[in-house]
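These notes concern the structure reproduced below.
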Amino acid sequence: MVILQMSKGEPSSKFIKVRCPKCKNEQIIFGKTASVVKCLVCEKVLAEPTGGKTRVKARVLEVLE
């Protein structure tokens with residue numbers, strides 16, 4: 001009898017801390033967004049979905065683990 005073991009790897013998705021280029025607001029976004037992410041203060045687009053990883057249109061300050 002063969003027993004298959006599933007390895008518990010680390011998730012490939014991360015949270016990203018970004019800074020809005022327009023108003024300098026910092027906010028945390030998900031690394032694989034399914035919808036457009038806008039700044040909570042000025043509503044400038046910070047990230048767009050691509051079907052996989054997010055296309056970030058702001059300065060990345062930190063990748064959170």
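The values are calculated or read from the model by the stated rules, or taken from the named source; none is laboratory data. Fair warning: this is a prediction, and the values are worked out from it, not measured in the lab. Cβ coordinates were reconstructed from backbone atoms using ideal geometry, including for glycine residues, and neighbour counts include every protein chain displayed.
Just so you know, in region 44-64 the residues that are of a type in the set (A, V, I, L, M, F, W, C) and touching a residue at least 24 places away in the same chain (Cβ under 8 Å) include one that is farthest from Ala34 (Cα to Cα), and it is Leu61.
Of the residues Val2, Val41, the single one that is at pLDDT 95 or above and of a type in the set (Val, Ile, Thr) is Val41. How many residues are touching an Asp or Glu at 6+ places or on another chain (Cβ under 9 Å) and not charged (D, E, K, R) if we restrict to region 36-57? Looking only at that region, the number is 4.
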